Structure formats: structure tokens, C-alpha cells
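Shown next, in C-alpha cells, is the structure this report addresses.
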Amino acid sequence: MPYFKETITDVNFNNENHIDNGILTDLTSKISKKVIGFVQANIVTSQGNEYQVLLKSKALGDEVLDGLHFMASNVNVDLADILTKYYNVLEYKNNHIIFS
């Protein structure tokens with residue numbers, strides 16, 4: 001949130017509404033302990049203001065590969081091994097980095 005000027009003192013996550021994420025995001029969130037995908041939250045500032053925001057937490061490339069590997073291993077062990085072998089040339093490597 002580079003343009004947000006106020007000091008954030010608290011973040012309250014809104015778990016009441018479910019937001020649909022993409023297939024890879026849902027798959028990756030099953031094998032990771034961190035929050036991945038779109039999350040609604042209320043941000044409270046030191047001035048007492050409260051803002052409703054939509055946050056996006058991207059999975060790291062390695063986490064996406066782990067999710068794909070998990071799915072592929074349930075289909076075919078050889079397919080899972082191929083994903084691991086060729087990870088360096090797949091589009092999922094470093095997918096969390098934004099290139100300008």
C-alpha cells in the first residue's frame with residue numbers, strides 16, 4: 001500500500017464473506033499455512049479512521065510448485081516428478097515477482 005499515508009495500528013480480517021480465488025491459489029492454499037489469495041480486511045489507523053480493503057497475498061513460486069506437485073502426485077507419480085525436474089523453465093518459477 002505505497003500510497004497509504006496514515007499509520008496502521010490494527011488489521012481485522014473479515015472471514016464472513018468468501019471470495020473465490022483461482023484454481024492455483026486454492027490449490028496452493030491447501031498445502032501452505034499462510035494466507036494466500038484475496039482477503040477482505042478492515043484497517044484501523046492511529047487517527048482512528050477505518051478503511052475496508054481487499055488484500056491480495058500471492059503464493060511464492062515454490063509454493064505453487066508444491067501445490068501442483070501434490071495434485072499431480074494424486075494423478076500420476078511420473079507427472080509429479082516431471083514438474084519438479086522442469087521447475088526452472090515453468091512459468092510458475094518466481095511467479096510472485098512483478099517485473100517492470
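General remarks:
- Only residues that are over 22 Å from H96 (Cβ atoms) and either in contact (Cβ under 8 Å) with a residue 12 or more places away in the chain or surrounded by 10 or more Cβ atoms within 10 Å (Cβ to Cβ) (or both) were counted across the range 17-27, and they come to 1.
- Output for the range 45-67, where each listed residue is outside any strand (DSSP E or B), over 17 Å from I19 (Cβ atoms) and out of contact with any helix residue (DSSP H, G or I) (no Cβ under 7 Å at 6 or more places or on another chain): S46, Q47, G48, N49, L60, G61, D62
- Of the residues K93, K30, K34, the single one that is among the charged types (D, E, K, R), in contact (Cβ under 8 Å) with a residue 12 or more places away in the chain and under 28 Å from T7 (Cβ atoms) is K34.
- So N42, is it surrounded by 11 or more Cβ atoms within 10 Å (Cβ to Cβ), out of contact with any Leu (no Cβ under 9 Å at 6 or more places or on another chain) and part of a strand (DSSP E or B): yes
Conditions tested, residue by residue: (1) charged (D, E, K, R); (2) surrounded by 14 or more Cβ atoms within 10 Å (Cβ to Cβ); (3) over 12 Å from the mean Cα position of the chain (by Cα).
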position: K34; (1), (2), (3): yes, no, no
position: G37; (1), (2), (3): no, yes, no
position: Q52; (1), (2), (3): no, no, yes
position: V64; (1), (2), (3): no, yes, no
position: F70; (1), (2), (3): no, yes, yes
position: N76; (1), (2), (3): no, no, yes
position: L79; (1), (2), (3): no, yes, yes
position: L83; (1), (2), (3): no, yes, yes
position: N88; (1), (2), (3): no, no, yes
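- Evaluation of F70 against the conditions (1) in contact (Cβ under 8 Å) with a residue 12 or more places away in the chain; (2) part of a strand (DSSP E or B); (3) not β-branched (V, I, T) shows that the sole unmet condition is (2).
A short reminder: the numbers here are calculations on the coordinates, not readings from a lab. Fair warning: this is a prediction, and the values are worked out from it, not measured in the lab. Please note: Cβ atoms are built from the backbone with ideal geometry, for glycine as well, and neighbour counts cover all protein chains shown.
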